[in-house]
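All remarks here apply to the structure that follows.
The values are calculated or read from the model by the stated rules, or taken from the named source; none is laboratory data. Computed from a prediction, not measured in an experiment: that's the story for all the values here. We place every Cβ from the backbone using ideal geometry, glycine too, and count neighbours over all the protein chains shown.
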Amino acid sequence: MSGNDPKSRTGWVVTNIGDSLVPGMTSDLVMAWGRDRETKEPRYIGELGQDRRGEKCGCECYSCGAPLTAVNAARSTFIKRPHFRHPDGARRDDCLVLTARAAALETLKPDGWFQLPARRRSARLMGLSGQYHEAWVEAPRERVRIKDVEFRDQVTGIVTLDDGRQLQVSLVGSLDASDDDALIPTIMVVVNDPELAAMSPEELRQRLVLIVEQGTWCSHWADADLAAQALAEATATAIDALDWLGEGVSLPVEMGANAKRETLLHMKAKEILEREGQICVPGMEVEVETVLPSGVVLRKTNTKPGRVLLLESVVLEKNVGQIRPDVVAITKAQDGWPAERLLVEVTVTNAIDDERRARIAEEGFAALEIDIDIARMGGVVTEAEFRSLVVFEEAGKRWLHHPWFEAERARLAVLLALDVDRELVKLEASRKEREQWAARIAVPVMVWADQYLDAVARYGDLRALVEADRGDRVLMAEALERVRECAEGLAVHRYPEAKDELLFLHQGNILDRLLSIKLDRAVGYRISTAWQVINAILSERGYGLMWHTLYLLASRLYVPRLTSDQWTTIQEWRQRVADSLESGEGTYRRDRRYDKLLSLLFPEMAKWLPMELPGDRSKYHRNITQQEFHYEDALDVSTPVTPIVSQGAESYAWLSGAAFDNWAAQNPQSAEAWKKRGKY
């Protein structure tokens, strides 16, 4: 039965021997025990001799006091076992039960042994949080020897053990029959089984020993010590759960339980930090951002990882400026971390609010919050868990303030401002670029082509003067910039190759030579005639040979003023190139990368550039000749342009007319060579 049962009494335990009494079944039971009328001692029916048979037994009922008759006493044979019988008409239900109790008590004889059960006691302590902390202690089972038994009445006996201790054994019908005045350790045995009244002394002794062994103490010699031990263990549990004040710790009586517990946690945090001499702090992160007029967000971020700080000293609740933090520590200087004052706030129920955080920030010190989330820990936190939270973990910690935040935020703001300036410059450049693109795309491609060639010719002439130390470098630089500007104009019209400086930058470039042949004067050279340019071409070796087919085509189309011998030289040059191409050599095989642009710049060459060169049967050439050259862009009439008219164009018409015959008559050798090769 639980000690919490309102029917139980402190220091008492009840052991039930069984409740087998069933209404209507008592007529089958017999009573083997009676009480001697003279000595008032228990008498077992088996102990009576022949002289005490029948009414001469001298026994009476324990319960009603009626005289008993000994039936079949001292007989070895019988139909019904020996027993005591009440007078006719007497009730015997209660008599059997009371007799059973007295008979059971009779078995407690000196020199007997039995096993006392273990004794358990508990203590329950309500902590500062309102939660209960409980502890159980136990005195072990004990085998004892009976030295003496004193019978107070037929159901109660005082047992003296051989070590001098006394134990009261009471046999009762219910707990309500318990003796409230018992002053010694007591085992109360509930005996309601009338069958016990029929058992022999040996059977009763065995049954009683078993009952006591399986019983539970409610009063014990060590109860006071056990209660004190249980209370001490419950208190230790509460202290370990940081829910009770330890020895020597006192707080104002008027302080509430929650305030006491938080103060206790502050004291414990200080104690732990002072003992451990270190604390793990979380990382720090600073981010600054701004939004550009375009809607683009720019950010600057920097972080410092979490780390363990070594502590020089730890003080509990000391005023720092206008605030009083829970713990004040001084950190040791380490790599990347200065020696500084570190404020530690330990919170249990209410986190630091914005107002208090602002006051902490105003003081300018490093401040750390440790949030003890009791709910997350099931309502309790042990000292070991608290130590781990305070010293070793980053979880539950946050920076309330640190000087690094402000300094780093200011530094990042400066860097962000520089990024903003750069981005604004880029945005402005992009805006101008879009405007330039729009302006360039609005100019017809042929206008750009004319201006491009004019700019190339001007730049080439100025460069030649500078190379002869007779020119103005500023003018030359301006002319080059104009070439590049026109190249950008062509690029927006799908001619990006116009920006390739191989075409115009240095002496001997492709455009200078083609313009020299077309204009019949030296462009970009410190010489004067087209023939001198051609002669320079004939003298080159290596990479430049691949463009010779362009120069031969230009010579044929634009027909510069040459002597008969010079035309013969050109014809020989043409033959040499053709022979090389027909033999499959790559010396003069042209790179087609500029054909599209040249078709635009020199419309007279447009229909010839895609044509197959001698010996050109490769897949490469077939792919090239199938490309779209867009030279019809030059014929765009949507915007009026000034067509290029030169002697070369007129010469082209002259070559195919009757004037060719007159020229051939004056230059028979050149004309003959021309006819042999056909129209190239």
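Of the residues making up region 397-410, just one is surrounded by 13 or more Cβ atoms within 10 Å (Cβ to Cβ) and free of Cβ contacts under 8 Å to residues at least 24 places away in the same chain, namely E406. Take the residues in region 421-441 that are within 30 Å of R494 (Cβ to Cβ) and among the acidic types (D, E); name whichever of them is farthest from the chain's Cα centre (by Cα). Among residues in region 421-441 that are within 30 Å of R494 (Cβ to Cβ) and among the acidic types (D, E), the one farthest from the chain's Cα centre (by Cα) is E435. Taken together, the residues in region 350-378 that are among the aliphatic types (A, V, I, L, M) and at pLDDT 85 or above amount to 7. Screening Q627 on (1) of a type outside the set (A, V, I, L, M, F, W, C); (2) outside any loop (DSSP other than H, G, I, E, B); (3) within 60 Å of the chain's Cα centre (by Cα); (4) at pLDDT below 90 shows it passes everything except condition (2).
For L418, the requirement of being without any contact (Cβ under 8 Å) to a residue 40 or more places away in the chain, under 26 Å from the mean Cα position of the chain (by Cα) and part of a helix (DSSP H, G or I) is not met.
Applying the set (1) at pLDDT below 95; (2) surrounded by 14 or more Cβ atoms within 10 Å (Cβ to Cβ); (3) closer than 20 Å to R458 by Cα to G544 leaves exactly one unmet item: (3). In a residue-by-residue description of region 250-263, the property of being part of a strand (DSSP E or B) and either crowded, with 17+ Cβ neighbours inside 10 Å or modelled with pLDDT of 95 or more (or both) applies to no position.
Give V286, V320, V327, V315 a once-over and let me know the one that is out of contact with any Pro (no Cβ under 9 Å at 6 or more places or on another chain), of a type in the set (A, V, I, L, M) and modelled with pLDDT of 90 or more.
Just a single option satisfies the conditions, and that option is V286.
Here is a yes/no grid of residues against (1) under 30 Å from R470 (Cα atoms); (2) small (G, A, S); (3) within 60 Å of the chain's Cα centre (by Cα):
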site: D520; (1), (2), (3): yes, no, no
site: A530; (1), (2), (3): yes, yes, no
site: L545; (1), (2), (3): no, no, no
site: Y551; (1), (2), (3): yes, no, no
site: R556; (1), (2), (3): no, no, no
site: T563; (1), (2), (3): no, no, no
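Does A498 satisfy the condition of being outside any helix (DSSP H, G or I), among the small types (G, A, S) and closer than 23 Å to R484 by Cα? So A498 fails the test.
Please find, within region 458-471, the residue that is nearest to S599 (Cα to Cα) out of those that are of a type outside the set (D, E) and surrounded by fewer than 22 Cβ atoms within 10 Å (Cβ to Cβ).
Residues of region 458-471 that are of a type outside the set (D, E), as a first pass: 458-460, 462-466, 468, 470-471.
Those left that are additionally surrounded by fewer than 22 Cβ atoms within 10 Å (Cβ to Cβ): 458, 462, 464-466, 468, 470-471.
Working: R458: 21, L462: 26, A464: 27, L465: 30, V466: 31, A468: 33, R470: 34, G471: 32 Å.
Filtering region 458-471 for residues that are of a type outside the set (D, E) and surrounded by fewer than 22 Cβ atoms within 10 Å (Cβ to Cβ), the one nearest to S599 (Cα to Cα) comes out as R458.
Go through region 425-437 and report how many residues are loosely packed, with under 14 Cβ neighbours inside 10 Å and within 19 Å of V483 (Cα to Cα). Qualifying residue count for the region: 1. From the set of residues in region 57-101 that are touching an Asp or Glu at 6+ places or on another chain (Cβ under 9 Å) and at pLDDT below 80, which is farthest from P201 (Cα to Cα)? Within region 57-101, the match that is farthest from P201 (Cα to Cα) is S63. Among residues that are charged (D, E, K, R), in contact (Cβ under 8 Å) with a residue 24 or more places away in the chain and either loosely packed, with under 15 Cβ neighbours inside 10 Å or within 21 Å of G336 (Cβ to Cβ) (or both), R275 is not included. Of all residues in region 383-413, those satisfying the criterion of being assigned to a helix (DSSP H, G or I) and not hydrophobic (A, V, I, L, M, F, W, C) are E383, E385, R387, S388, P403, E406, E408, R409, R411.
Report those strands (runs of 3 or more DSSP E) wholly inside region 289-340 carrying at least 3 residues which are assigned by TED's automatic domain parsing to the domain that holds I279, more than 24 Å from Q278 (Cα to Cα) and within 32 Å of the chain's Cα centre (by Cα).
297-304
When region 518-543 is filtered for residues that are without any contact (Cβ under 8 Å) to a residue 60 or more places away in the chain and part of a helix (DSSP H, G or I), the ones remaining, listed by number, are A530, W531, Q532, V533, I534, N535, A536, I537, L538, G542, Y543. Can you tell me how many residues in region 393-452 are within 15 Å of E287 (Cβ to Cβ) and among the charged types (D, E, K, R)? Number satisfying all stated conditions: 5.
Do we find that L597 is modelled with pLDDT of 95 or more, crowded, with 19+ Cβ neighbours inside 10 Å and within 25 Å of V456 (Cβ to Cβ) in this structure? Considered against the rule, which asks whether it is modelled with pLDDT of 95 or more, crowded, with 19+ Cβ neighbours inside 10 Å and within 25 Å of V456 (Cβ to Cβ), L597 comes out as yes.
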